[in-house]
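Remarks on the structure that follows.
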Amino acid sequence: MTLFELLVVNNWNVIMDQAVAVSNDWARIYFISWFILAVMVMSNLIVAHILDGILIEEEERPETPPAPEPHDEGEAPASPNISLRASTASVSAA
């Protein structure tokens with residue numbers, strides 16, 4: 001249960017201080033290393049999973065852009081579409 005509390009970053013420093021009080025200062029190294037490895041790695045994995053889902057969804061879109069709509073002389077042309085693909089960074093005019 002203690003490691004789960006550390007994983008969700010719920011007063012981990014209070015738990016660490018209590019563990020150091022009943023053991024020795026090596027417990028502080030254990031808690032800090034657990035925080036760095038578990039919390040940071042898990043956060044990065046969650047963000048990577050979300051970004052992967054976004055990129056997969058974008059790749060499933062059709063490659064041909066819709067025909068540009070005509071614009072008046074006073075209007076600025078539409079802004080370009082920017083791709084979020086990791087392999088290539090391409091910009092296509094809309």
Env charge @ residue 6, Cβ radius under 14 Å, K,R +1 / D,E -1, value -1
Descending packing, highest mean Cβ count within 10 Å first, for 51-57, 32-38 is 32-38, 51-57
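All of the numbers you see were taken from the coordinates with simple rules; none came from a lab. Everything numeric here is computed off the predicted structure, so don't read it as measured data. A quick note on method: Cβ atoms are made from the backbone with ideal geometry, for glycine too, and the neighbour counts reach across all protein chains shown.
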